[in-house]
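In what follows, a structure is listed as structure tokens, so that the remarks can point back to it.
The values are calculated or read from the model by the stated rules, or taken from the named source; none is laboratory data. Remember, it's a predicted structure, so these values are computed and weren't measured experimentally. Heads up, the Cβs are rebuilt from the backbone with ideal geometry, glycines too, and the neighbour counts pull from every protein chain shown.
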Ligand SMILES: Nc1ncnc2c1ncn2[C@@H]1O[C@H](COP(=O)(O)OP(=O)(O)OP(=O)(O)O)[C@@H](O)[C@H]1O
Ligand SMILES: [Mg+2]
């Protein structure tokens with residue numbers, strides 16, 4: 001973790017259209033080092049798209065994604081993403097992580113060792129030989145976390161990391177997110193779960209219909225929403 | 001009528017008496033088919049994978065062409081390979097016309113489009129689901145091809161079995177480039193085609209029985225492979 005930081009991350013005026021629909025509309029956002037940034041918003045607000053643009057998976061129609069100092073490709077190697085719907089390879093739990101680590105050019109024996117460490121980290125240590133797709137939804141989510149963590153990223157994009165998980169599984173994922181920051185990593189996560197946002201967010205971006213209506217420190221936004229949309233969302237009254 | 005029953009009786013005597021001539025033909029056929037399929041896989045698997053993941057101008061035309069080549073008439077392939085390998089042809093100096101090697105080449109030309117086209121379809125479907133995840137993990141398109149081939153292994157195997165079926169059943173190509181020379185290039189299909197005309201019904205029927213059995217076994221194998229992969233596919237669907 002001692003390599004020079006790729007943060008802060010600046011999104012400048014990001015716009016994305018698809019089939020005539022404005023999915024992201026002139027978004028500006030700053031992610032500081034070791035501050036958990038939460039992208040909050042209702043379904044369809046564009047949270048997943050925003051994370052994918054920031055992670056370099058989708059090219060925006062206009063605007064720029066700037067990682068401090070580093071060109072895109074070098075910065076990408078220091079990031080990992082846990083998808084809303086994780087895609088697990090049709091192989092064992094262990095092999096899924098080994099594949100991800102090997103892609104970083106790590107030798108096989110070392111990759112296997114790291115994979116075991118990562119499985120222990122998320123509490124899946126005794127499932128190493130199971131076919132990944134035979135895991136339950138919550139276990140798959142944890143495996144997806146382990147795979148991201150095994151790459152030793154500085155920045156983690158977490159897209160709805162606890163959606164569709166039961167309370168116990170959500171709790172254990174939240175513990176991992178807290179732990180990530182202690183390790184000096186920076187998480188950028190999206191959610192529509194207010195309670196989780198309150199527990200985890202240092203900084204908050206409120207996304208609504210592709211626009212970042214508010215951004216700033218979470219404490220401030222929760223205490224004093226400036227837009228009627230965020231105020232309504234905080235009261236659980238904004239559904240669209 | 002008595003012709004038929006006598007023929008079957010003689011055929012079974014040959015088969016289970018382990019008639020040397022008959023088994024020599026069976027073994028040579030399988031060797032040629034197998035070598036042709038291996039050669040086709042060496043070309044068709046990476047080519048099909050590349051057509052699935054790369055985007056370039058003329059890609060659609062190449063796909064249409066490969067699909068069309070699946071229906072190549074064996075006699076035409078035999079004729080073309082004959083012209084290329086004949087003494088005055090461009091590769092005449094190799095001196096392999098009327099050898100098993102020539103038959104392998106001709107059958108590989110018939111089987112390669114099948115393996116390529118079916119593989120492309122399988123891998124393209126997988127790539128749609130895997131693209132963002134693999135890109136996030138730092139996998140290049142090129143590096144993704146072996147990953148996808150392995151993840152789609154059951155479907156890819158059925159494609160290979162389909163190619164084997166084509167090689168085992170065709171007669172037009174091997175008869176032209178092999179010449180049906182006894183103890184040298186006589187395969188099951190060429191023997192049936194020519195021995196029937198000469199009234200050697202026992203041999204022809206015996207070989208026919210073997211061919212039909214082979215076709216059934218291939219289909220059973222493909223069916224079992226698909227069956228085995230069913231629960232997996234169901235699981236993936238359930239997790240979407
Ligand atoms: N591949 C796509 N093609 C066209 N439109 C898309 C595509 N993916 C998403 N969209 C649209 O973009 C908008 C934003 O989608 P996005 O997935 O980013 O929302 P989200 O905030 O993550 O929602 P959720 O909370 O449901 O995950 C939606 O209106 C969606 O319909
Ligand atoms: Mg989403």
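When you scan the stretch A:166-200, how many residues do you find that are surrounded by fewer than 20 Cβ atoms within 10 Å (Cβ to Cβ) and within 15 Å of ligand 2 (Cβ to nearest atom)?
Looking only at that region, the number is 2.
Looking at residue A:91, is it more than 20 Å from the chain's Cα centre (by Cα) and within 10 Å of chain B (Cβ to nearest Cβ)?
yes
Given the conditions (1) within 30 Å of residue A:95 (Cβ to Cβ); (2) more than 14 Å from chain A (Cβ to nearest Cβ); (3) at pLDDT below 95, and given that residue B:207 satisfies all but one, which numbered condition is not satisfied?
With (1) within 30 Å of residue A:95 (Cβ to Cβ); (2) more than 14 Å from chain A (Cβ to nearest Cβ); (3) at pLDDT below 95 applied to residue B:207, the lone miss is (1).
How many of the residues making up the stretch A:118-139 are in contact (Cβ under 8 Å) with a residue 12 or more places away in the chain, at the interface with another protein chain (Cβ under 10 Å from one of its Cβ atoms) and surrounded by fewer than 19 Cβ atoms within 10 Å (Cβ to Cβ)?
Counting residues in the stretch A:118-139 that are in contact (Cβ under 8 Å) with a residue 12 or more places away in the chain, at the interface with another protein chain (Cβ under 10 Å from one of its Cβ atoms) and surrounded by fewer than 19 Cβ atoms within 10 Å (Cβ to Cβ) gives 2.
State which residue is nearest to residue A:181 (Cα to Cα) when the search covers only the stretch A:148-158 and only residues that are touching a strand residue (DSSP E or B) at 6+ places or on another chain (Cβ under 8 Å) and part of a helix (DSSP H, G or I).
So the residue we want is A:149.
Which pairs have Cβ atoms under 6 Å, sit 6 or more apart or on different chains, and link a residue in the stretch B:125-151 that is within 17 Å of residue A:98 (Cβ to Cβ) to one that is not in a helix (DSSP H, G or I)?
That search, which allows pairs on different chains as well, returns B:130/A:87; B:133/A:87; B:136/A:81; B:137/A:103; B:138/A:103; B:139/A:103; B:151/A:89; B:151/A:90.
Hey, among A:26, A:33, which residue is part of a strand (DSSP E or B), touching a residue at least 12 places away in the same chain (Cβ under 8 Å) and away from chain B (no Cβ under 14 Å)?
Sole residue among the options that is part of a strand (DSSP E or B), touching a residue at least 12 places away in the same chain (Cβ under 8 Å) and away from chain B (no Cβ under 14 Å): A:26.
So that you can scan it fast, the table gives a plain yes or no per residue for (1) closer than 20 Å to residue B:80 by Cβ; (2) touching a residue at least 24 places away in the same chain (Cβ under 8 Å):
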{"residue": "B:161", "(1), (2)": "no, yes"}
{"residue": "B:172", "(1), (2)": "yes, yes"}
{"residue": "B:196", "(1), (2)": "no, no"}
{"residue": "B:203", "(1), (2)": "no, yes"}
{"residue": "B:206", "(1), (2)": "no, yes"}
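Condition first: within 21 Å of the chain's Cα centre (by Cα), without any contact (Cβ under 8 Å) to a residue 40 or more places away in the chain and outside any helix (DSSP H, G or I). Can you find one or more residues in the stretch B:58-80 that meet it?
The answer is yes; a qualifying residue exists.
Can you name every residue in the stretch B:114-150 that is within 8 Å of chain A (Cβ to nearest Cβ) and under 25 Å from the mean Cα position of the chain (by Cα)?
B:147, B:150
All but one of (1) surrounded by 16 or more Cβ atoms within 10 Å (Cβ to Cβ); (2) within 16 Å of ligand 1 (Cβ to nearest atom); (3) within 14 Å of chain B (Cβ to nearest Cβ) hold for residue A:115; which doesn't?
(2)
Note down all Cβ pairs under 7 Å where the first residue falls in the stretch A:39-53 and is away from every other protein chain (no Cβ under 14 Å), the second is assigned to a helix (DSSP H, G or I) and near ligand 1 (Cβ under 6 Å from one of its atoms), and they're at least six residues apart or on different chains.
Within 7 Å, the pairs are A:39/A:47; A:41/A:47.
Looking at the stretch A:62-79 only, could you name the residues that are surrounded by fewer than 13 Cβ atoms within 10 Å (Cβ to Cβ) and more than 14 Å from chain B (Cβ to nearest Cβ)?
Result: A:62, A:64, A:69, A:71.
As an exercise: evaluate residue A:190 against (1) within 16 Å of ligand 1 (Cβ to nearest atom); (2) in contact with a helix residue (DSSP H, G or I) (Cβ under 8 Å, 6 or more places away or on another chain); (3) over 25 Å from residue A:10 (Cβ atoms) and give the number of the one condition it does not meet.
It fails just one condition, (3).
Filter the helices (runs of 4 or more DSSP H) completely within the stretch A:47-133 down to those with at least 3 residues that are farther than 21 Å from residue A:12 by Cα.
Result: A:93-102, A:108-121.
Scan the stretch B:33-56 for residues that are part of a helix (DSSP H, G or I) and under 20 Å from residue B:135 (Cα atoms) and jot them down.
Across the stretch B:33-56, the qualifying residues are B:46, B:48, B:49, B:50, B:51, B:52, B:53.
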